[in-house]
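Novice: My questions all concern the structure below.
Taken together, the values in this text are just the output of simple stated rules run on the coordinates, not laboratory data. Computed from a predicted structure; not experimentally measured. Ideal geometry is used to build each Cβ from the backbone, glycine not excepted, and the neighbour counts take in all protein chains shown.
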Amino acid sequence: MKDRIKIVEGDITKQDVDAIVNAANTSLLGGGGVDGAIHRAAGPELLEETRKIGGCPTGEARVSKGYRLPAKWVIHTVGPVWGGGNRNEEGLLANCYRNSLKEAERLGVKTIAFPSISTGVYRFPLERATEIALKETKKFLEKNKTMETVVFVCFGQEATKVYKEALGRIF
Ligand code: ADP
């Protein structure tokens, strides 16, 4: 199963996959970090579509087209803001991965790329977030046989190191 996971260092907007996941906010109206990068690369049509969707609660996922991105689809999910760990942040982050993969399955996506949801402005500790990302993906891949590749796009050397270490431990 490990051969269905890829860890790459780089920019998620450049990934040649069927779908990329956006770490959005509840408004779905764009923002900083990876969300801003995805909206810039996709073009203004993306905001037009996400405006119509009308928001997304934390832990859930919504689908739009990818417009000028190489990816056909963008799956927008809203990670929890880290508040110390007693506000079900871990459960909500797990929901982000589970619900994004569920949407991908529904769309017939064979290749998907994830950023490290919640670990930027939302301050979720990277090691804990990485463990949740990989464990939820493992559970999904155990049941799903059509998803070919799940790519984790790491923004920088530090994140890449953490993901590679966790991959060896979890898979
Ligand atoms: P959040 O609000 O969910 O924390 P951020 O966008 O602030 O979202 O950060 C989420 C993660 O995305 C961080 O680890 C950040 O380093 C990373 N990131 C930022 N820009 C990109 C990009 N272009 N491609 C991939 N990952 C990115």
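Novice: Can you list residues whose amide H is under 5 Å from residue 154's amide H, if they're 5+ apart or on another chain and H is modeled 1.01 Å from N?
Specialist: For residue 154, whose amide H was placed from the backbone, the distant partners under 5 Å are 8, 9, 10.
Novice: A further question on this structure: With θ set to phi - 60°, apply the Karplus curve 6.51 cos²θ - 1.76 cosθ + 1.60 along segment 50-63 and write out the HN-Hα couplings as whole Hz, x wherever there is a Gly or Pro.
Specialist: Using θ = phi - 60°, the values come out as 5, 4, 5, 4, x, x, 7, x, 4, x, 9, 9, 9, 10 Hz.
Novice: Moving on. Could you pull out every residue, at least 5 positions away or on a different chain, whose amide H is within less than 5 Å of the one on residue 22? Hs are placed 1.01 Å off N in the peptide plane, and Pro or chain starts have none.
Specialist: 75, 76, 77
Novice: Could you calculate the FRET efficiency of residue 51 with residue 135 from 1/(1 + (r/R0)^6), where r is the beta carbon distance between them and R0 is 41 Å, rounded to 0.05?
Specialist: On the way: r = 34 Å, r/R0 = 0.82.
Calculated transfer efficiency: 0.75.
Novice: Tabulate in residue order the Karplus-calculated ³J(HN,Hα) for segment 69-80, using 6.51 cos²θ - 1.76 cosθ + 1.60 with θ = phi - 60°, rounded to whole Hz; enter x for Gly and Pro.
Specialist: 6, x, 6, 6, 10, 10, 9, 8, 10, 10, x, x
Novice: For the residue pair residue 26 and residue 106, what label-to-label distance in nm results when each label sits 7 Å from Cα along the Cα-to-beta-carbon direction?
Specialist: 2.1 nm
Novice: Sticking with this structure for a sec: In whole Å, what is the distance between the alpha-carbon centres of segment 113-164 and segment 1-75?
Specialist: Between the Cα centre of segment 113-164 and that of segment 1-75, the gap is 15 Å.
Novice: Additional query: Show which lysines lie in cross-link reach of residue 102 when reach means a straight Cα distance below 18 angstrom and same-chain residues fewer than eight apart are skipped.
Specialist: By straight Cα distance, residue 102 reaches 65, 72, 110, 135, 138, 139, 143, 145.
Novice: Given H placed 1.01 Å from N in the peptide plane, which residues other than close sequence neighbours of residue 61 have an amide H under 5 Å from its amide H?
Specialist: Correct list: empty.
Novice: Considering the chain, what Rg and Dmax in Å follow from its alpha-carbon atoms?
Specialist: Answer for the chain, Rg first and Dmax second: 14.5, 42 Å.
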